[in-house]
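As structure tokens, the structure follows; a few thoughts come after it.
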Amino acid sequence: MNDANAKPAAARRGRKGRVLEVWRRLKRNRLAMAGLAILAVLFLTALLADLVAPFPSDKQDLENTFSFPSRAHLFGTDEFGRDILSRVIHGSRISLSVGFLAVGFSVVIGGAIGAVAGFYGKRIDNVLMRFMDVLMSIPQILLAISIVAALGPGLWNLMIAVGISSIPGYARIVRASVLSIKDREYIEAARAAGSGDARIIFRHIVPNCLAPIIVQSTLGVATAILTAAGLSFIGLGIQPPTPEWGAMLSGGRGYIRDYWYMTLFPGLAIVFTILGLNVLGDGLRDALDPRLKSSR
Amino acid sequence: MSETTMLLDIRGLTVRYGTQGGEVRAVEGLDLSLARGETLGFVGETGAGKTTTALAVMRLVPEPAGRICGGEVIFEGEDLLKKSPRDMRSIRGSKISMIFQDPMTSLDPVKTVGEQIAEMIGLHESVSRREALAKAQAMLETVGIRAERSGDYPHQFSGGMKQRVVIAIALACNPALVIADEPTTALDVTIQAQVLDLMRKLKDRYRTSMILITHDLGVVAETCDKAAIMYAGNIVEYADKASLFARPSHPYTQGLFGSVPDIESDAESLNVISGLTPDPTDLPPGCPFHPRCPRAEGACSTQAPPKVEIEEGHFVRCFLHGSGGRAR
Amino acid sequence: MSEALLEVKGLKKHFETKKGMLHAIDGVDFAIREGETLGLVGESGCGKSTTGRAILRLHEPSSGQVLYRGEDVTRLSPARMKAMRRRMQIVFQDPYSSLNPRLPVAELIAEPLRVNRVYARKPEEAERVAAVMELVGLEARLIDSYPHELDGGRRQRIGIARALSVEPEFVVLDEPVSALDVCIQAQILNLMAELQRKLGLTYLFISHNLSVVKHVSDRIAVMYLGKIVELSDYKSIFVEPLHPYTQALLSAIPTTRPERRKERIILEGDVPSPIEPSPGCRFCGRCRYRRERCAAETPELREVGAGRFVACHYYDALGEKKGN
Ligand SMILES: Nc1ncnc2c1ncn2[C@@H]1O[C@H](COP(=O)(O)OP(=O)(O)OP(=O)(O)O)[C@@H](O)[C@H]1O
Ligand SMILES: Nc1ncnc2c1ncn2[C@@H]1O[C@H](COP(=O)(O)OP(=O)(O)OP(=O)(O)O)[C@@H](O)[C@H]1O
Ligand SMILES: [Mg+2]
Ligand SMILES: [Mg+2]
């Protein structure tokens with residue numbers, strides 16, 4: 001059989017042991033570890049932005065506008081002569097927090113709505129999902145715009161707006177997987193054991209629909225960063241001198257023919273974040289699923 | 001064996017599947033023969049290789065995972081394993097046809113049952129569409145479904161009726177051999193009785209030979225002439241039904257008889273074969289049954305037991321019945 | 001019957017479907033005595049599982065009573081019901097889908113203990129888990145394995161261990177061996193008989209396989225389309241089946257000794273739909289002996305001899321016919 005043989009009798013691993021087990025499986029996945037490394041680097045630079053960045057993010061140097069990447073300015077400078085590298089580093093703070101917090105927010109709320117709707121069905125399902133449909137029928141960016149317009153600009157409001165506008169997507173996905181899981185016999189078995197609804201939803205149903213949530217949310221982070229950029233662009237998000245990847249991207253768009261590096265570097269930053277997150281997400285999904293364990 | 005020439009004669013058939021966990025030895029050097037008009041019951045536990053054997057005869061072992069590594073399948077005097085894919089296509093359905101376990105998934109949900117039978121006929125006989133449809137309706141009548149229902153879709157039929165349709169398709173071109181892979185396992189007992197009864201009648205009427213794969217010794221007792229017991233890729237016992245039921249001789253066969261609660265018996269506790277079927281990627285050496293065998297001894301774990309004829313037409317693969325060996 | 005542990009009276013469960021009301025079970029009555037096994041047989045869709053589930057209130061019954069030691073289970077408050085679940089447990093048919101694939105064996109077995117807060121301390125709980133595993137013959141080394149790593153027989157043992165961990169008195173076994181191979185099936189059947197002897201359990205044993213039911217049961221109830229058509233001790237049903245459906249069912253079972261069968265009855269047609277069933281005897285469309293009264297009037301389950309119940313207007317006439 002498998003590795004169970006080797007262990008002494010009745011050596012239960014318990015919860016901590018299982019977390020370690022997941023970590024062990026994750027470690028074996030090279031790609032996921034690479035993703036984790038990328039994210040770790042990104043987060044570290046965001047935390048230590050003030051130390052790592054060669055220049056303050058808003059230091060202008062009007063003599064040196066649009067300079068090509070050079071030793072002094074590794075990523076070049078923008079139309080105000082600001083160092084693009086420093087702006088990418090400082091910008092990671094806002095972009096990453098918008099990306100992750102907004103997605104976290106919408107996964108939690110959307111997931112809860114979807115789980116409740118799928119689990120209880122009937123009227124609750126109808127009410128919740130029709131409401132989600134209404135939200136969904138408004139284009140995401142428009143929805144975000146109206147929310148920010150109502151709340152006023154600012155980082156937190158931006159995150160809330162982006163978060164709310166992507167709730168319906170998660171609610172739909174979670175509801176669909178809950179529907180496919182809730183009629184499995186093991187859910188009934190849990191009920192027969194005496195479990196209440198909350199325990200059934202959170203211990204039995206949610207862990208079994210992690211896979212689609214993980215996939216969707218890794219992609220969601222990219223969308224969130226770009227939505228935030230869109231909002232910033234029309235003046236509803238982060239206000240101009242504050243660096244932010246999305247804003248840098250759209251700011252450089254006008255100059256792309258001559259000064260491609262203005263868009264390239266913030267773009268690469270987004271790509272790496274998403275790439276790292278994506279491979280990590282895939283690895284995590286596999287590591288969390290005991291059925292895929294025996295990749296001996 | 002006897003003077004009748006065999007319709008099907010399988011010799012040394014070996015089929016393997018390549019999987020991540022290793023090579024699965026699904027069928028290992030299997031010998032089997034079947035005369036015209038005979039019905040053979042093919043019994044064994046899950047994973048014994050029954051379906052794989054049937055697929056090998058049809059040359060339908062899923063490529064590339066599965067590979068027929070050796071042996072011969074002589075059907076009407078010719079080795080099927082040497083046929084071109086094209087020849088095989090014309091044999092399938094017309095001379096050998098197969099009935100699968102699950103009637104729900106072996107019918108096309110978007111075609112009427114009449115069309116599905118007619119399609120089979122059109123494939124192998126040069127008839128017009130209209131003639132094919134007429135023949136399809138006649139076929140439906142044969143399996144006990146009124147001809148006017150030929151325009152209905154599979155979902156409009158019950159499980160038993162769907163299996164009848166599947167049988168109609170299998171018999172449409174009057175094949176010489178029908179391989180039925182657990183044709184009634186998905187059905188209820190009363191429906192199973194209907195279907196088995198129908199198969200018996202049709203077989204007598206058309207003198208079709210049949211291989212009936214099943215888990216149920218009762219089904220064998222009621223429908224078959226011969227029985228083969230399969231364990232871990234090989235046939236451990238092969239005999240006339242009467243002889244097998246009167247004198248099951250392989251320890252595995254005996255265990256199998258002991259495990260089934262029989263409606264006619266009053267045993268308090270079942271005689272259990274201990275242990276599990278062996279891992280097919282790592283079959284035990286010697287006789288694959290020896291780790292579970294209550295009567296295993298030295299030679300069993302090292303040498304493959306020979307095939308012994310203990311009485312006319314009753315073959316056992318076990319050392320207990322070796323030449324001059326101790327019969328039980 | 002005073003010594004009944006569980007009494008089911010007029011139990012009904014109807015499901016709303018698009019095509020109309022589906023009468024999954026339609027007035028079922030029986031009693032189970034303490035320490036016995038009642039077998040419930042019938043064909044697919046006749047309502048066996050629904051009966052088992054309605055008793056445990058996994059499906060809320062539409063009407064009727066389930067008396068457990070005289071107390072009506074269907075009326076218990078959620079809190080009382082939760083306590084009741086410790087005494088009534090269920091083992092499911094499919095050992096592949098009835099275990100959460102993400103939990104290891106230890107967690108699966110501990111689950112009922114935890115929800116019911118049986119033990120306050122972890123070590124006691126772990127001890128109990130180990131004890132139950134031993135009871136059902138699961139090797140201790142499997143404690144951290146996941147269900148997908150185990151074979152069907154071991155998985156079904158987990159299902160049994162789960163049910164037994166909270167020390168129930170009554171267990172519904174919903175086709176516990178139907179998904180298993182014959183050899184494994186025999187192992188599990190023997191295990192369950194042994195556990196019953198050791199722990200004094202009472203079983204409701206559901207199966208579509210009459211041979212299996214006969215092997216394990218003290219009394220047998222035969223169900224057809226949401227109703228019990230015959231109930232008696234396991235011997236009488238086989239020696240002298242009274243209801244025409246029971247007769248047909250018995251004769252349909254493939255046996256290794258077909259020559260001993262008295263006659264072979266092959267039923268015409270299929271089981272009719274349980275949606276808005278017509279009044280009268282449910283079996284009358286397929287019955288060889290039907291008369292006018294059968295289609296008009298539903299026969300009730302009545303006692304026709306010591307402990308023998310049958311729902312047929314003309315069961316005694318049938319007996320005569322055969323006697324001649
Ligand atoms: N496509 C495949 N790829 C890899 N292994 C396979 C494949 N099909 C079958 N096997 C393996 O080959 C062995 C024989 O399988 P087979 O389906 O012939 O058994 P069987 O006797 O028909 O069992 P059952 O009663 O469950 O139908 C098994 O160990 C099975 O896991
Ligand atoms: N949740 C449900 N909603 C609607 N109809 C249902 C539901 N559960 C069961 N039914 C129907 O109730 C009837 C009885 O089902 P039940 O599962 O009790 O049958 P069973 O005797 O256990 O059959 P099987 O042997 O196939 O398990 C069937 O017609 C079934 O389709
Ligand atoms: Mg098979
Ligand atoms: Mg059922």
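Might you check whether a residue that is assigned to a loop (DSSP other than H, G, I, E, B) and within 30 Å of C:LEU180 (Cα to Cα) occurs anywhere in region B:189-212? Full working, then the answer.
Step one: filter region B:189-212 for residues assigned to a loop (DSSP other than H, G, I, E, B), giving B:207-208.
Subsequent filtering for residues that are within 30 Å of C:LEU180 (Cα to Cα) retains none.
Checked against the condition, which is being assigned to a loop (DSSP other than H, G, I, E, B) and within 30 Å of C:LEU180 (Cα to Cα), region B:189-212 yields no hits at all.
Being within 16 Å of ligand 2 (Cβ to nearest atom) and among the small types (Gly, Ala, Ser) narrows it down to one of C:SER207, C:SER251, so name that one.
Going through C:SER207, C:SER251 in turn, just one is within 16 Å of ligand 2 (Cβ to nearest atom) and among the small types (Gly, Ala, Ser): C:SER207.
Which one of these is away from ligand 4 (no atom under 16 Å from the Cβ) and either in a helix (DSSP H, G or I) or free of Cβ contacts under 8 Å to residues at least 60 places away in the same chain (or both): B:LEU32, B:LEU55, B:LEU7?
Unique residue meeting the criteria: B:LEU55.
So which of C:GLU127, C:GLU167, C:GLU139, C:GLU175 is farther than 21 Å from A:HIS204 by Cβ and within 16 Å of ligand 2 (Cβ to nearest atom)? So that I can check it myself, show each step before the final result.
Details: C:GLU127 fails: within 16 Å of ligand 2 (Cβ to nearest atom); C:GLU167 fails: within 16 Å of ligand 2 (Cβ to nearest atom); C:GLU139 fails: within 16 Å of ligand 2 (Cβ to nearest atom).
It is C:GLU175.
For a quick check of your reading of the model, give me the residue pairs whose first member lies in region B:111-131 and is over 18 Å from B:MET98 (Cα atoms), whose second is open to solvent by 50 Å² or more (accessible area, probe 1.4 Å), with beta-carbon atoms closer than 8 Å and at least 6 apart or on different chains.
Note: pairs meeting the criteria are B:LYS111/B:GLU119; B:LYS111/B:TYR153; B:THR112/B:TYR153; B:GLY114/B:LEU133; B:GLY114/B:GLN137; B:GLU115/B:LEU133; B:VAL127/B:LYS135.
Under 7 Å by Cβ, and 6 or more places apart or on different chains, what pairs join a residue from region C:30-57 that is assigned by TED's automatic domain parsing to the domain that holds C:TYR234 with one that is near ligand 4 (Cβ under 10 Å from one of its atoms) and open to solvent by 30 Å² or more (accessible area, probe 1.4 Å)?
As it stands, the answer is C:VAL41/C:HIS208; C:GLY42/C:HIS208; C:GLU43/C:HIS208; C:SER44/C:HIS208, since those pairs meet every condition given.
Quick one: is B:VAL195 within 30 Å of B:MET6 (Cα to Cα), within 14 Å of chain C (Cβ to nearest Cβ) and more than 16 Å from ligand 1 (Cβ to nearest atom)?
Taking the combined requirement at face value, the residue satisfies it.
Filter region C:204-219 down to the residues that are closer than 23 Å to C:ALA163 by Cα and open to solvent by less than 10 Å² (accessible area, probe 1.4 Å), then identify the one that is nearest to the other protein chains (Cβ to nearest Cβ).
Going through the qualifying residues, I end up with C:VAL212.
List, please: which pairs have Cβ atoms under 7 Å, are six or more places apart or on different chains, and start with a residue in region C:297-313 that is touching a residue at least 12 places away in the same chain (Cβ under 8 Å) and end with one that is open to solvent by 90 Å² or more (accessible area, probe 1.4 Å) and of a type outside the set (D, E, K, R)?
Sorted first by the residue in region C:297-313, then by its partner, the pairs are C:THR298/C:PRO279.
If a residue must be aromatic (Phe, Trp, Tyr), out of contact with any Asp or Glu (no Cβ under 8 Å at 6 or more places or on another chain) and within 16 Å of ligand 1 (Cβ to nearest atom), how many such residues does region B:239-261 contain? Show your work before the answer.
Within region B:239-261, the subset aromatic (Phe, Trp, Tyr) is B:245, B:252, B:257.
Next, only the ones that are out of contact with any Asp or Glu (no Cβ under 8 Å at 6 or more places or on another chain) stay: B:245, B:257.
Remaining after also requiring within 16 Å of ligand 1 (Cβ to nearest atom): none.
Number satisfying all stated conditions: 0.
When you look at C:ARG302, is it in contact with a Leu (Cβ under 9 Å, 6 or more places away or on another chain) and either of a type in the set (Phe, Trp, Tyr) or on the phi < 0 side of the Ramachandran plot (or both), yes or no? Steps first, please.
Details: in contact with a Leu (Cβ under 9 Å, 6 or more places away or on another chain): no; either of a type in the set (Phe, Trp, Tyr) or on the phi < 0 side of the Ramachandran plot (or both): yes.
No, not satisfied.
Consider B:ALA186 carefully, then state whether it is within 16 Å of ligand 3 (Cβ to nearest atom), at negative phi and either open to solvent by 10 Å² or more (accessible area, probe 1.4 Å) or within 10 Å of chain C (Cβ to nearest Cβ) (or both).
yes
Which of (1) within 23 Å of the chain's Cα centre (by Cα); (2) crowded, with 20+ Cβ neighbours inside 10 Å is the odd one out, the single condition A:TYR259 does not satisfy?
For A:TYR259, the exception is condition (1).
Check off (1) hydrophobic (A, V, I, L, M, F, W, C); (2) touching a residue at least 12 places away in the same chain (Cβ under 8 Å); (3) within 18 Å of A:ARG199 (Cα to Cα) for C:VAL91 and give me the number that stays unchecked.
Every condition holds for C:VAL91 apart from (3).
Give the residues of region B:224-260 that are assigned to a helix (DSSP H, G or I), of a type in the set (S, T, N, Q) and open to solvent by less than 10 Å² (accessible area, probe 1.4 Å), sorted by residue number.
Of everything in region B:224-260, those that are assigned to a helix (DSSP H, G or I), of a type in the set (S, T, N, Q) and open to solvent by less than 10 Å² (accessible area, probe 1.4 Å) turn out to be B:THR253, B:SER259.
So which pairs qualify, if the first residue must be in region C:252-269 and in the same structural domain as C:ARG290 (by TED's automatic domain parsing), the second must be among the aromatic types (Phe, Trp, Tyr), the Cβ gap must be under 9 Å, and the two must be at least 6 apart or on different chains?
C:THR256/B:PHE245; C:THR256/B:PHE257; C:ARG257/B:PHE245; C:LEU267/C:TYR245
Being touching a Leu at 6+ places or on another chain (Cβ under 6 Å) and under 27 Å from C:TYR68 (Cα atoms): is that true of C:THR202 here?
Details: touching a Leu at 6+ places or on another chain (Cβ under 6 Å): yes; under 27 Å from C:TYR68 (Cα atoms): yes.
Taking the combined requirement at face value, the residue satisfies it.
When residues of region C:280-318 are filtered for being part of a strand (DSSP E or B), among the hydrophobic types (A, V, I, L, M, F, W, C), under 21 Å from C:CYS46 (Cβ atoms) and open to solvent by 30 Å² or more (accessible area, probe 1.4 Å), how many remain?
1
Given the structure, is C:MET81 of a type in the set (A, V, I, L, M) and either within 16 Å of ligand 4 (Cβ to nearest atom) or open to solvent by 30 Å² or more (accessible area, probe 1.4 Å) (or both)?
no
Answer yes or no: is there a residue in region B:52-70 that is open to solvent by 40 Å² or more (accessible area, probe 1.4 Å), among the basic types (Lys, Arg), more than 14 Å from every other protein chain (Cβ to nearest Cβ) and more than 13 Å from ligand 1 (Cβ to nearest atom).
yes
Is there a residue being open to solvent by less than 60 Å² (accessible area, probe 1.4 Å) and not in a loop (DSSP other than H, G, I, E, B) anywhere in region B:269-288?
No, there is no match, as no residue in region B:269-288 is open to solvent by less than 60 Å² (accessible area, probe 1.4 Å) and not in a loop (DSSP other than H, G, I, E, B).
Just checking, how many residues over region C:61-72 are without any contact (Cβ under 8 Å) to a residue 24 or more places away in the chain and either within 14 Å of chain B (Cβ to nearest Cβ) or within 14 Å of ligand 2 (Cβ to nearest atom) (or both)?
Adding up the residues that qualify gives 0.
For region C:246-264, indicate whether the set of residues that are away from chain B (no Cβ under 14 Å) and either among the β-branched types (Val, Ile, Thr) or open to solvent by 10 Å² or more (accessible area, probe 1.4 Å) (or both) is non-empty.
Scanning region C:246-264 turns up no residue that is away from chain B (no Cβ under 14 Å) and either among the β-branched types (Val, Ile, Thr) or open to solvent by 10 Å² or more (accessible area, probe 1.4 Å) (or both).
Considering each of B:GLY18, B:GLY41 in turn, give the residue that is open to solvent by less than 10 Å² (accessible area, probe 1.4 Å), of a type in the set (Gly, Ala, Ser) and either within 15 Å of ligand 1 (Cβ to nearest atom) or assigned to a loop (DSSP other than H, G, I, E, B) (or both).
B:GLY41
Could you please let me know if C:ARG155 is part of a helix (DSSP H, G or I), within 13 Å of chain B (Cβ to nearest Cβ), within 20 Å of C:GLU111 (Cβ to Cβ) and touching a residue at least 12 places away in the same chain (Cβ under 8 Å)? If you could, list the steps in order and put the result at the bottom.
Working: part of a helix (DSSP H, G or I): yes; within 13 Å of chain B (Cβ to nearest Cβ): yes; within 20 Å of C:GLU111 (Cβ to Cβ): yes; touching a residue at least 12 places away in the same chain (Cβ under 8 Å): yes.
Yes.
Can you confirm whether A:PRO241 is free of Cβ contacts under 8 Å to residues at least 40 places away in the same chain and surrounded by fewer than 23 Cβ atoms within 10 Å (Cβ to Cβ)?
Values: free of Cβ contacts under 8 Å to residues at least 40 places away in the same chain: no; surrounded by fewer than 23 Cβ atoms within 10 Å (Cβ to Cβ): yes.
Spelling it out, it is not the case that A:PRO241 is free of Cβ contacts under 8 Å to residues at least 40 places away in the same chain and surrounded by fewer than 23 Cβ atoms within 10 Å (Cβ to Cβ).
Say whether the condition of being more than 16 Å from ligand 4 (Cβ to nearest atom), over 24 Å from the mean Cα position of the chain (by Cα) and of a type in the set (Ser, Thr, Tyr) is met by at least one residue in region B:169-186.
No: region B:169-186 contains no residue that is more than 16 Å from ligand 4 (Cβ to nearest atom), over 24 Å from the mean Cα position of the chain (by Cα) and of a type in the set (Ser, Thr, Tyr).
The values are calculated or read from the model by the stated rules, or taken from the named source; none is laboratory data. Note that this is a predicted model, so its numbers are computed, not measured. Neighbour counts run over all protein chains shown; Cβ positions are idealised from the backbone, glycine included. The accessibility values were calculated without ligands, DNA or RNA, using every heavy atom of the protein model including side chains. Shrake-Rupley method; radii C 1.70, N 1.55, O 1.52, S 1.80 Å.
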